[in-house]
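Read through the structure below, which is laid out as structure tokens, and then see the notes.
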Amino acid sequence: LKMSCFWLYLPLNLLMVTCLLHSVKAPTTSSQHSFKTNLFNFYHSLILADGKETTVHLLKDIPKRYYFVLEKGRVLAPFSITVTPCDVPIEWSILMYKSPPGKASPGDHDTQEVSKSQKASSIVSTIFNYKGNSVETYMGMSSHSALYLLEFLSTERDTHITVYLTTDTTSGHLYPELPMDPRIDVVGIGHTTVTLTWKHSPSVLQHQESIQYCLLVNEKHNYKSLCAAETAIRSSGMKLPPTLALSLSPYLLEPQQVMILSNSELSIINKVGSGEVRQVCMGTKNTYTVPSLSPSTQYYFDVFIVNLLTNASAAYTGTFARTLEEPEPKVTELKDGKVIHVVLDGKKQKFYNLQYQARHKKIHFTFQLCRGQIRVHITRNGKTVASENLSGLRYFSLKGKLLDTYLVQLRSTEESNSSVKVEASPHFHKPLFPLLPESLKIKSFSKLRTCRSVTIAWLGTQEESKYCVYRKKIEEDQIWRELQGADRCSGPESRHKSEKVLCKYFYELNLQRAVTTETIKGLEAGTFYLFDVYLFGPSGIPVRYHSKVVKTRKKC
């Protein structure tokens, strides 16, 4: 085959290819077409770098080719090629182009009689092919006279892969090593937790400072590589850092990502349409308990060993587990006229359930918010009849049928603990709490304020009731804590006797005039005082007005 005339027009990086093919005897007519096709493939191929991971972007149904010629110093040289699909399954193969052997010895009549077509067919051979989405590594020995062509094809959609060629098989690997048994073991399952363990990577023992384990948790399926997981998350409409190892930079987070750093562990939670995708990097620990999962939900767990210096990773064999079903919530029975004091844990954000079976058609629910913020949800025979956030004292009057079942669910809406008093009774039942005025605010009069006295006022009702006034000297830096942390359900029994000012009875049939005032004397000049008023009804249960802080004048 005369090819010397082409040399002036070839790119320099194809010169070695031409030299190799120039020594090959021309094929017969029957194989000329395939030979020309193979030659054309080389002219439209790229050189694959040795010792470097290459990202290859594939268009659907359009093959992409890379070639490499290994060092000529040795007759046989070891090499390996690792291909990592980052999305859909792909097809890839390795073809070897090799010069035919030299002329046989005169006495070798069998070799002398090898047909021309057989010689042509010895030019190229496929030494490896694969179809799938697993990470595959081919290891072989190279002849110095051989040239290799890698061909990649995606038949499903556009995608990308990574390819790593190395001839240095003695000084280490780009990818961290997996143990002989790369499985992840599930050693514990709870309602909201799953405990996992896996065998240590040999790379951890050799390069502990630059190696770490990262865990990926999701509700869809396992991933065979880290780039496959990142591609899937990106396709859901969110941006991710290039790898989990780089996720250590907080500025890379998107609005739908939440980063949690505790006990030297970094967690990134991505909110996606198909559920949460949680990433956790835990250093070199090989046991981890995944917290805050949903009950009765199947999760998939993948562990990656990541080299922080090269950003390369290897995947353990993924596993899955289903969390236990949440036990039936405890239900407390409400009885007519009996008050239940409920304390809610804000951190757990769980519902507290109360059940009441109606013995009358009209039912009266009373809620007195003691501390924090609480949301109440009431259903009758499974259908919602009321749902709102509580504030102060709240009544619900509901009408239904005999033996209707009411379920009252209470939940704290803030992280701190909240508490509330609850009572259910027939509508005609004697009211537990006193008749309340339009407002529970205490007002002070600035013009009547002196160095030794303060005048306050509050609203009363048409019902004769008992009012008790209490005072407490406080410092300026205690004001916020006293106002925000007060238990609004606590009565005078929680106060010191020295804080009591007076108790009096009051009522006014004309609500526009139902205001009472009181001047508290014997105070210290320039001092902050906390004033409280307690209202007592027929049942003796008090209602506390909103606390008021007043400062006496410094000079008079």
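The values are calculated or read from the model by the stated rules, or taken from the named source; none is laboratory data. These numbers come from a predicted model, not from an experiment. Every residue, glycine as well, gets a Cβ built from its backbone with ideal geometry; the counts of neighbours run over all protein chains shown. Keep in mind that these areas ignore ligands, DNA and RNA; they rest on the heavy atoms of the full protein, side chains included. Shrake-Rupley method; radii C 1.70, N 1.55, O 1.52, S 1.80 Å.
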Simple spin-label estimate for HIS546 and LYS335 in nanometres, 7 Å along Cα-Cβ = 3.7
Cubic angstrom per residue, convex hull over Cα atoms of segment 442-551 | 102
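Suppose accessible area is computed on protein heavy atoms with a 1.4 Å probe; arrange HIS207, HIS57 from highest to lowest.
On the way: HIS207 95, HIS57 120 Å².
From most exposed to least exposed: HIS57, HIS207.
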Would you kindly compute the Cα radius of gyration of segment 331-425 and its largest Cα-Cα separation (Dmax), both in Å?
-> 12.6, 38
Spin-label pair ILE479/SER539, simplified geometry with 7 Å Cα→Cβ offset, distance in nm = 3.6
Highest to lowest packing among 382-390, 131-139, scored as the average C-beta count within 10 Å = 131-139, 382-390
Cα-based reach from LYS555 at 13 Å (exclusive), listing aspartates and glutamates while leaving out same-chain residues under 8 positions away = GLU524
Starting from the Cα-Cα distance between GLU464 and LYS399, subtract it from 0.36 nm times their residue separation and give me the gain in nm to one decimal.
-> 20.4 nm
ALA525/LYS447 FRET efficiency (R0 25 Å; Cβ-Cβ; nearest 0.05) = 0.90
Within-14-Å neighbourhood charge of LEU174 [Cβ basis; K, R +1; D, E -1] = -3
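Which of the peptides 160-166, 493-499 is most tightly packed, and how do the rest follow, judged by the mean count of other Cβ atoms within 10 Å per residue? Please list the in-between numbers first.
Details: 160-166: 19.7, 493-499: 9.6.
In descending order of packing, they fall as 160-166, 493-499.
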So which of LYS330/LYS421; LYS199/LYS224; LYS443/LYS472; LYS348/LYS472; LYS497/LYS554 end up more than 25 Å apart by C-alpha?
-> LYS348/LYS472; LYS497/LYS554
Exposure of ARG371 as accessible area (Å², to 10), given a probe of 1.4 Å and all protein chains = 90
Simple spin-label estimate for LYS348 and MET141 in nanometres, 7 Å along Cα-Cβ | 6.7
Gain in length, THR289 to PHE506, computed as 0.36 nm per residue apart minus the alpha-carbon separation, to one decimal in nm?
-> 72.0 nm
For ILE189, list long-range residues whose amide hydrogen, built 1.01 Å from N in the peptide plane, is under 5 Å from its own amide hydrogen.
-> THR195
Along segment 546-555, Karplus-curve 3J(HN,Hα) (6.51, -1.76, 1.60; θ = phi - 60°) to the nearest Hz, with x for Gly and Pro, reads 5, 4, 10, 10, 10, 10, 6, 6, 6, 10
If the chain between LYS220 and LEU76 were fully extended at 0.36 nm per residue, the gain over the current Cα-Cα distance would be 47.3 nm
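Can you tally the net charge around ASP158? Count Lys and Arg as +1, Asp and Glu as -1, for every other residue whose Cβ sits under 11 Å from the Cβ of ASP158. The partial results should precede the final answer.
On the way: positive: LYS60, ARG157; negative: ASP61, ASP87, GLU156.
Neighbour charge sum, excluding ASP158 itself: -1.
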Rg [Å, one decimal], Dmax [Å, integer] - segment 372-413, C-alpha atoms = 11.2, 34
ALA457-ARG375 FRET efficiency (beta carbon distance; Förster radius 25 Å; 0.05 resolution) | 0.15
